[in-house]
Structure formats: structure tokens, C-alpha cells
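Written below as C-alpha cells is the structure these notes are about.
The values are calculated or read from the model by the stated rules, or taken from the named source; none is laboratory data. Remember, it's a predicted structure, so these values are computed and weren't measured experimentally. Quick reminder, even Gly has a Cβ in these numbers, built from the backbone with ideal geometry, and neighbours come from all protein chains shown.
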């Protein structure tokens, strides 16, 4: 029997070692791979948990908005943003913000303003006429005409939409949402969104400032609503007095109930035999009443015949761009109105009478033009709660917009839209201060 070759045995042992090393290396590599994958999964799970917390914070924000409106927004009163929590409101380890607008600021905003938004501060797509639409920034004549066609019951624009790819029909009835504008012919993304692609009211670092003015010039979506309407009833639920065909006995009774006999007689004499008025503003201008006196009876008067008064612009909250769309109001007068209401916050909520003083009696032709229709109000019953939230450690960003309606007495959600896809809308300051500080405490 021949003895084993010691060299061969050593070679075999070396081969086994190499195989074992490769197997060990493979097992270690697989272990590291799965460990890394598990780490990513843990982070993803943590992000999902943070996102769920943010979503629950948004639900809490919607409930809180309903509470604020129910307690501070009754009878058409716009809630004062200083009376409720509106930014970095804690819900457990999550926080939420109400993304709003501040049109009274004389200094352009560089950071988002946080508050509820008044829908009556915008033009109603279902009631604004062509002249009003044409005065909006960047509005084209073509788009203005097609907006009217889209909502008109006797529209002739169906052929235009039939030629598109894919084709569809012109709606020929009222807009149901503002985003429905995207279906209207001539409504490009640039016109609708402008420079403010995330719709937070300020220019963010990732947004293109086309005209280099360091401002987020908004698109047309900023100026429109389809929800603004007011109950055509007095606060006690009874019918208002119609100024279209004013009953003299009712008017006399109304004046005598609210003023002494001599003052009631003086107002009645000033009105004379006129029994038809185009608007409450026209009635006020002809009555000779003071703003305080008109504020006492303003909620008793109407020119509308339906259950609701649709589409009036709230002059106490509207932006200068929207005010410029009102008949007779120029850019200078719009800024004059904004300056006046900013300096007289305690005098502008009772009635529209303050507009006469703000514009000035020397602009009588402007006032007559504005009073020729029922265009303005100081009441608001629909509000936007644009709620953004982050979960623990500032992660899991979510954003949802709610439209609340109070015209039936209690806050009702009319519309809900997820805006998370628009990206971060809380501004650079929140990211650099609150979120960074929160992350540093982990």
C-alpha cells in the first residue's frame, strides 16, 4: 500500500479553506445586504408612521377649524386670526398649520402667512361677468369668453372641445370646483398656477421668478371660488325686505323700530317716493344715513329673490387684484380701500357703508357705478382650511385643503383636496428653525 502524498493532502486542505472563505464571504455579504435592506425598511416604516401621525394631525386640524368657525364665525363674521391657534399646533408629536393669505400687509411676504382663508374674498366663477373676469391679472380675452361659455346653458362652444384629443363636451352649467378650470379651453398651466406652483402665497426657492420681482405672482386659481353665498334671511330667520320693490309701510316700520321718530322721518323724507334700488349700497347712499345707522338695518335689506345671495365679494378681506375687478374700482382705489380697512378694523364689519367713506365723496361717479349692482358684502360663510402637517421629528409631511360652509348654521365640509403632491409649503423659515431644532433633539 502506497503512503499518501503529503503535498496533495496540503493542497486539498488549502482548497477547502478557500471554499470555506468564499462561502463565509458570501454569507457575510448576504447578511449585510439584508441588514441594510432591513435598515431601509425600518426608516420607511418610521416615515410611514410619521406620515400617519401627520394625517391624523390634519384630521385634528379640520375638527379644530370646524370648532373655530362654529364659535367665532357665526352670522357671517370672519374669525379674527389672533383668536385661534394657526401655526405649529401640536397634536401629540405631530403639528399642523393653517396656510392662509394676508392681503392687508403693505410689505410683500417672504414667508407664508398662517390663517383660515375667506372664500368670499374671491370672484365667484359662476356669477362674475366678462368685464370682471377681464380685469384679473394675466386673464386673456379668449379664456374669459370660454369661462362664460363653459357655464352657460345655451353655450355654442361644444365644437371647440369636440376637436380636442381626446374630445369632450362643454359642460354648459355651473362650475363645481375651481380646478374644473383646467378643462376650459385656453386655460394653460402657466395661467392657472402662475409662479406660485405650490399655492402657499410666497415665492419659494424652487419656484421660478419669471419677472425677477422676488414675488410669487399667483395664477388665476388664486382669485376664484365657486362656493361664496350668503343666506337671504335676517339673523332671526325671517324674510328680508326686498329693495327691488320696497314696501313703504315695511320701510317705515323698520326705521321707526330702530331710530327715534324724528330721525326715521328724516330718512324717510330723504328717500322720497323711490321704491326700487339696485343694491343696498345704493339705498345707503340715497338715504342720508350715517355708516353706524346703516349698520343697524343692513342685515334686513336685500335685492336678491332666491334662498341665497351668490357671488358677492367681501370687501373687508378681498385682495387688491380682486377689488380691481369690481365696477369702477381702479388699482389706486383698490389700494386705498385696503389701506382704509387696515386702519379702521373696528368700523368695517357692520356694513358696506365704510366703502363710501374710503373711496370718498369726490369719486361720486365711481360710487354710482359700484352701487348699480349687488356686488359687495362684509359677510362670509365659506372658508378654506388649507392644512399642512408634519409628524414626529418634522417628517411625514402632508397637506389637505378643506372648504367649510356655514350658510346653513353649522360648519359643513363641502370639499376636500389632497395637496401633498405640491411639495413643501411651510416656507424656508419653518424648515430651518422649527424642523431642524426638532430633529436635533432626537
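Quick check: is even one residue across segment 306-314 without any contact (Cβ under 8 Å) to a residue 40 or more places away in the chain and within 22 Å of residue 224 (Cα to Cα)?
Step one: of segment 306-314, the residues without any contact (Cβ under 8 Å) to a residue 40 or more places away in the chain are none.
No: zero hits.
Among the residues of segment 371-387, is there at least one that is out of contact with any strand residue (DSSP E or B) (no Cβ under 6 Å at 6 or more places or on another chain), closer than 30 Å to residue 298 by Cα and assigned to a helix (DSSP H, G or I)?
So far as segment 371-387 goes, yes, one or more of its residues are out of contact with any strand residue (DSSP E or B) (no Cβ under 6 Å at 6 or more places or on another chain), closer than 30 Å to residue 298 by Cα and assigned to a helix (DSSP H, G or I).
Restrict the check to segment 125-140 and report whether at least one residue is within 23 Å of residue 321 (Cβ to Cβ), crowded, with 22+ Cβ neighbours inside 10 Å and in contact with a strand residue (DSSP E or B) (Cβ under 6 Å, 6 or more places away or on another chain).
Yes; the residues of segment 125-140 include at least one that is within 23 Å of residue 321 (Cβ to Cβ), crowded, with 22+ Cβ neighbours inside 10 Å and in contact with a strand residue (DSSP E or B) (Cβ under 6 Å, 6 or more places away or on another chain).
Identify, from the list 78, 109, 52, the residue that is over 20 Å from the mean Cα position of the chain (by Cα) and either loosely packed, with under 15 Cβ neighbours inside 10 Å or in a loop (DSSP other than H, G, I, E, B) (or both). It would help to see each step written out before you state the result.
On the way: 78 fails: over 20 Å from the mean Cα position of the chain (by Cα); 109 fails: over 20 Å from the mean Cα position of the chain (by Cα).
Being over 20 Å from the mean Cα position of the chain (by Cα) and either loosely packed, with under 15 Cβ neighbours inside 10 Å or in a loop (DSSP other than H, G, I, E, B) (or both) holds for just one of 78, 109, 52, which is 52.
Looking at 338, 366, which is the one that is assigned to a helix (DSSP H, G or I) and under 20 Å from the mean Cα position of the chain (by Cα)?
Working: 366 fails: under 20 Å from the mean Cα position of the chain (by Cα).
338 is the lone residue from the list that is assigned to a helix (DSSP H, G or I) and under 20 Å from the mean Cα position of the chain (by Cα).
Tell me, please, whether a residue that is touching a residue at least 60 places away in the same chain (Cβ under 8 Å) and either in a helix (DSSP H, G or I) or buried (at least 18 other Cβ atoms within 10 Å of the Cβ) (or both) can be found in segment 23-46. Quick ask: steps written out before the conclusion?
Applying the first criterion (touching a residue at least 60 places away in the same chain (Cβ under 8 Å)) to segment 23-46 yields 46.
Filter once more, keeping what is either in a helix (DSSP H, G or I) or buried (at least 18 other Cβ atoms within 10 Å of the Cβ) (or both): 46.
The answer is yes, given that some residue of segment 23-46 is touching a residue at least 60 places away in the same chain (Cβ under 8 Å) and either in a helix (DSSP H, G or I) or buried (at least 18 other Cβ atoms within 10 Å of the Cβ) (or both).
Could you please tell me which pairs satisfy a Cβ distance under 6 Å, a separation of 6+ or placement on different chains, a first residue in segment 390-409 that is over 20 Å from residue 200 (Cβ atoms), and a second residue that is surrounded by fewer than 21 Cβ atoms within 10 Å (Cβ to Cβ)?
392/93; 393/438; 393/439; 393/442; 405/412; 405/414; 407/231
Of everything in segment 321-332, what is buried (at least 18 other Cβ atoms within 10 Å of the Cβ) and either in a loop (DSSP other than H, G, I, E, B) or modelled with pLDDT under 95 (or both)? Give them in sequence order. Can you show your working first?
Narrowing segment 321-332 to residues buried (at least 18 other Cβ atoms within 10 Å of the Cβ): 321-326, 329.
Hits for segment 321-332 are 324, 325, 326, 329.
Give the residues of segment 112-128 that are in a loop (DSSP other than H, G, I, E, B) and modelled with pLDDT of 95 or more, sorted by residue number.
If the condition is that a residue be in a loop (DSSP other than H, G, I, E, B) and modelled with pLDDT of 95 or more, then 115, 116, 122, 125, 126, 127, 128 are the ones that fit.
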